[in-house]
Each structure stands twice: as structure tokens, then as C-alpha cells.
1. Compute the whole-percent fraction of alpha carbon pairs in segment 137-189 spaced more than 14 Å apart.
2. Just to be sure I understand: of the beta bridges DSSP finds with both ends in segment 64-189, what percent are antiparallel, rounded to 5?
3. Taking amide H positions as placed 1.01 Å from N in the peptide plane, with prolines and chain starts having none, which residues 5 or more places from V106, or on another chain, fall under 5 Å of its amide H?
4. Using alpha-carbon pairs under 8 Å, 6+ residues apart, how would you state the relative contact order of the chain in percent?
5. Can you figure out the FRET efficiency of S180 with E22, using R₀ = 25 Å and their beta-carbon distance, to the nearest 0.05?
6. Return the FRET efficiency for the residue pair E73, R116: r is the Cβ-Cβ distance, R0 is 25 Å, and the value is rounded to the nearest 0.05.
7. Where does the chain land on Rg(C-alpha)/(2.2 N^0.38 Å)?
8. Pick from T81, T171, T71: which residue has the top mean-square fluctuation in a GNM of the chain where Cα pairs under 10 Å get a spring?
Amino acid sequence: MRRLTYYIATSIDGFIAGPGGEFGFFPMAEDVLVAINAEWPETVPSHLRGPAGLADVPNRHFDTVLMGRGTYEPGLAVGVTSPYAHLRQIVFSRTLTVADPNVEIVCGEDPVEVVRRLKREDGLGIWLCGGADLAGQLLPEIDELIVKRYPVVAGAGRPMFRAGFGPVPFTLTESRTFESGAVIGFYQR
């Protein structure tokens, strides 16, 4: 059975974006970029894979990416309609109706049921790219968290999860610390 992994960048105080969806404040240090390119090449957007030397690198962990509308829209704003063309792309939105033909829009269907169907399919893992509302809805189905915590305090913004109170335990299985101050934590349900 396939697994759902929430692989996400956060500030020290747990925000994945600023109040207006900003994400450019995360310090992208070379040591972290090298690790991401080596371990999770499929998480590098398609239009950046060539410049990063990853054009022909196969997917290692994921073959499907899930996004909320808020995660998908920044690419649209700059003309990137298929941000992860090397993956099956699914966007959950109640309002978005038109996208790239390589992007599946899910409207009006329960995200939990969609993920349960995807988990029964053959293939690599499923990457939950964001955002907070979708992560909150999918929390019962998340098998693993990979949290890239950058050494910056945002102060406000979008949290990792937007859901009602209901503690869900995860076990830290590995932690990698980088000279730049970033930490990647690996958690299993």
C-alpha cells in the first residue's frame, strides 16, 4: 500500500507561508538544496530541474503530488501551469476549474476518500505538498511527516495544519541538522 507523506518547509514557529501566502522568506542555503536534490529530486519543480542538473533523474520516493489551490496558485501567477510535470498532479479546489491538462482538479470530492483510493493503487508514495487546510483534512491519512524547519521566525501566517484541536502522535525517527541551521525531522505515525 502506498503511503502519504507531508513533506513541507516551515519556519521555527511552524508557519508554511506568510499571512498572504508568501514563502520567499525561507533561507534556501546551499547545504539544504544539495540534500533536497540528492534525496528528493522529484520535489524540485519541473522548470527548475534542468538548471539543477536533475532533468533526467528518476523519482525516488513519490510519483504523485497533492496540492491545495493556495499551493498551486503561485505557479499560475508566473505562468507555471504544470509545476511538477514529472509527477501525477492533483489539485483540490472548490473554485478552480481550469488548469493545465496535466493537472487533475478535484472539486467537491472528499480528499480523504481520494487519498484512500490513491493508496490502493500501485506506485511510489504520495507527496502532500500543501497547504494548511488540505493537510488538516488529510491528517487521518498522513503516514509520515518530513519537516524542513528553517532558522527563521515568521511571527504569523499559515500553519502546517489548519484543523480542530485533536492531538495526533507521531514518532521522530530521524533528524538531520545542517550547518546553515536548518533541521529536517522525519516522523512516522
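1. Working: 861 of 1378 pairs.
So the pairs more than 14 Å apart make up 62 percent of the total in segment 137-189.
2. Working: 12 of 25 bridges.
Rounded to the nearest five, the antiparallel share is 50 percent.
3. Correct list: V91, F92, S93.
4. Numbers: 365 pairs, mean separation 65.2, N = 189.
About 35 percent, as a whole number.
5. Numbers: r = 20 Å, r/R0 = 0.81.
After rounding, the FRET efficiency stands at 0.80.
6. Between E73 and R116 the formula returns 0.45.
7. Numbers: Rg = 15.8 Å, N = 189, 2.2 N^0.38 = 16.1 Å.
In units of the globular-protein estimate, the chain measures up at 0.98.
8. Taking springs between Cα atoms under 10 Å, the residue moving most is T171.
Values in this text are rule-based calculations from the coordinates and carry no lab data. Since the structure is predicted, the reported quantities are computational estimates derived from the model, not experimental observations. Counting neighbours? That spans all protein chains shown, and the Cβs are built from the backbone with ideal geometry, glycine included.
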